[in-house]
Amino acid sequence: MLDFTHLLVPLDLGAASRLVVEEALSLARRFGARATLLHASWSAPCVYGGAADPSYWPVEGLLDVARDELDAALNVAKARY
């Protein structure tokens, strides 16, 4: 049987993410493993030549949402495990 020591849990922050976190934490607890929650995002390339500033992409709002969602998942983990 495999023994896990560390689980990497990629999240898209969609509706099912909370269920994924709970399942991953359950597995981590069963194996005495650590769990790392990860949200990765990408920035769309600017392909429109008429853009005033092609380096601008409104990521601050996206970062705030991601931080809030990951903080909520972490609070669940702390409360249950």
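Couple of notes before you dig in:
- Compared with the direct C-alpha span, the chain from Phe31 to Leu19 gains 2.5 nm at full extension, assuming 0.36 nm per residue.
- Sequence of Thr5, Thr36 from largest to smallest accessible area, 1.4 Å probe: Thr5, Thr36
- Gain on full stretching of the segment that runs from Val76 to Asp3 - 0.36 nm per residue minus C-alpha separation: 23.9 nm
The values are calculated or read from the model by the stated rules, or taken from the named source; none is laboratory data. The shown structure was predicted, so the numbers you read here are calculated from the model rather than taken from an experiment. Remember, those area values only see protein heavy atoms, side chains included, never the ligands or the DNA or RNA. Shrake-Rupley method; radii C 1.70, N 1.55, O 1.52, S 1.80 Å.
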